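Everything below concerns the one structure shown next.
Just so you know, all these numbers are worked out from the coordinates, no wet-lab data involved. Just so it is clear, the model here is predicted, and its values are computed rather than measured. Counting neighbours? That spans all protein chains shown, and the Cβs are built from the backbone with ideal geometry, glycine included.
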Amino acid sequence: MPERPVYILADDVINKIAAGEVVERPSSVVKELIENSLDAGASRIDVELSDGGRRLIRVADDGAGMSRDNALLAVERHATSKIRAVEDITRIGTLGFRGEALAAISSVCRFRLQTRPASRAEGTEITISGGKLQDVRETGCPPGTSVEVRALFFNVPARRRFLRSVQTELARVKQLFAVYALAHVKVGMSLAADGRTLYALPAGATREERLRDLFRLDPSAELRPVAHACETVKIGGYVGLPADAGPDRSGQMFFINGRPASAPLLHAALREAYRSLAPRERYPAVFLFLETAPEDVDVNVHPTKQEVRFHKPTQVRDAVMEAVRTALAQASDAANPLRSAAQHPILEPPPEKTGAPCRTDRNRQLFPYPAPAAPFIPENSDGALASVPPPRPEEGSALETGAGGHAPWRWRRVLGQAGGKYAILETDDGLAIMDPHAAHERVLYERFMRQIRAGNVQSQGLLAAESVELAPKEAAMVCAALDLLRRMGFGISEFDAETFLVDAVPACLGGAQPKTLLLEIAACLEAAGEKRAAVKMMEEPVARAACKAAVKTGKQLDEQDMEALLQGLEAAEMPYTCPHGRPTLVYFSFRELDKRFGRRP
Ligand code: ADP
Ligand code: MG
């Protein structure tokens, strides 16, 4: 093969190559432009799109603006006002610093920049088409900067073909916009698409207001506040209730030193924290704000800066797990699908009435008001159905708030079992349907875990010692945890590097196969990382044992069984899901029922 000559690439070629990294789709353009506006100290940012961003993306701000000279430099590659020397990268306070966004973007579209510092009377307008400077002129424009990107990828057909439908591209822009709007609540922001305003967010908002405006979430009712700090990292924000988990990660947002960002370890920490609370493929909403020293986090890992690297990953990961766990446990209401306490904090007395109260007063006809003697009163003269108020429980009886203080209701009574499976309960403000198997799993799981935490585990000898051979990686995990395993009721010794002899297992694990147990424990140890607490590594085997030992679905339950189960659930720390995250209770509030029946509550 003949030798090929070597060339230094022309700037516009380099820019187009760089654009491949920085500008993937309309949302990446919006991201870079919003970041520039924020870095310019804007207090208002207005974003406008048409055709999902293919036809037009416009981002206008009221920030510092640029002089003519600076504006001309800004569209050059590696031109930035944000860093000077390599050392600056380790202490980055701005969102941008690579100095490539404007150069990259303007090389793949028809680009127009209008900018004016407040101190100058005239602004500057620069137009570029596919990386070629077309025109520079003075213009009249408001202080700040407005960037227009038209015909994105008109000169890169491969990229253009790669774009998805208008809705998909728009959805990505909305997600991105939301993330930045949440990170910068003081800045007024708007997003409009094809002439329709999607968000109009006032300046000077709080995080709570933004959550409400962006996601229609009521943080006080639907989320738990997070507040946790350790030496390395301070964590604030909100976490969602396991029962409300969504089908993908779009509702899970991390902010690192004010920068929307992520790192695989953060997702791993979340998975760990929600383990046994939310099903595996479900993702609770999470808005976590992490603050670290700037030198403890490396943002220069990825051209779009969306993924960061922590210099103390273990501490960060443990802190996130701790923060989420604490937030969810602080009130077991955390996972409360009933969530009614917030809506009706005080139960008002029923109106004084003679005769049976009518059905519309049902919501208010609550314990502790005396009930009529008759269990059922037929149609009254109004033609409305008479209510059947619950019997008044004895003071301090089990029917009042459960022993653990976490009970999902203030009052309840069992109405019966339906479909040979589900228990139907009436509670103070609705109907609850319980899956006895899932509920029992939760009760047993917590009981076993309590025994393990207290170091109070009975050992059960095997008839014959069993030898268990593991793969090298798993064997190493188990080997490092031998002492711990013995304290937890395992009779286990090393036979050789990869084989163990097991002659006893914890009694609560109910005769599970030693090999299966050790494999699960090894997997837990790996997932739990440095946190090799006994409690962690036992979660999976215990959850499985609880599932095996729990009442089978379809078993007829008598009153006593049901009562024992309910008392167990009322005392549970996290009564709303089984250890694998399936719900134990499904709830219909009277409010909801009234609505369904077209009644005003
Ligand atoms: P970077 O943001 O990494 O510095 P960019 O190519 O995005 O690189 O921008 C280059 C420079 O242009 C910035 O450093 C900044 O000085 C200037 N600039 C860009 N956008 C704006 C804006 N909206 N307002 C004021 N200055 C801007
Ligand atoms: Mg930038």
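Some observations on this one:
- Kirkwood's formula applied to the C-alpha pairs of segment 401-484 gives a hydrodynamic radius of 17.2 angstrom.
- If the Kirkwood radius is taken over C-alpha pairs of segment 102-157, then at 10 °C and 1.306 mPa s the Stokes-Einstein diffusion coefficient equals 138 µm²/s.
- For trypsin sites (Lys or Arg not before Pro), the sites in segment 540-590 that DSSP calls loop and that have at most 10 other Cβ atoms within 10 Å are K552.
- When you filter the chymotrypsin sites (Phe, Trp or Tyr not before Pro) in segment 226-295 for DSSP loop state and at most 16 other Cβ atoms inside 10 Å of their Cβ, nothing is left.
- Residues M538, M477, sorted so that the one with the fewest Cβ neighbours within 10 Å comes first: M477, M538
- Using only alpha carbons, segment 149-271 has a radius of gyration to Kirkwood radius ratio (Rg to Rh) of 1.01.
- Diffusion coefficient of segment 416-461 by Stokes-Einstein, Kirkwood radius over Cα pairs, 37 °C, 0.692 mPa s: 255 µm²/s.
- The residues V179, V505, V316, when put in order of fewest to most other Cβ atoms within 10 Å, stand as V179, V316, V505.
- When Rg and the Kirkwood Rh are both derived from Cα coordinates, the Rg/Rh ratio for segment 456-601 amounts to 1.15.
- Within segment 54-147, the ratio Rg/Rh, alpha carbon atoms throughout and Rh by Kirkwood, equals 0.98.
- Charge dipole of segment 214-256 (Cα centre as origin; +1 on each Lys and Arg Cβ, -1 on each Asp and Glu Cβ, all else neutral): 80 debye, rounded to the nearest 20.
- In terms of other Cβ atoms within 10 Å, S27, S467, S107 run from fewest to most in the order S467, S27, S107.
- Convex hull projection area averaged over all views, segment 108-196, Cα basis, nm²: 7.6 nm²
- Taking max minus min of the alpha-carbon positions on each principal axis, segment 447-519 gives extents of 33, 25, 16 Å, largest first.
- Mean projected area of the convex hull spanned by the Cα atoms of segment 34-191, taken over all viewing directions: 9.6 nm².
- Sequence-separation-based contact order of segment 64-211, relative, with Cα cut under 8 Å and 6+ spacing, percent: 17 percent
- Computed over segment 15-107, Cα set: Rg, Dmax in Å: 13.3, 42
- Over 27 Å between alpha carbons, listed pairs K552/K595; K515/K552; K234/K536; K312/K473; K174/K312; K16/K312: K552/K595; K174/K312; K16/K312
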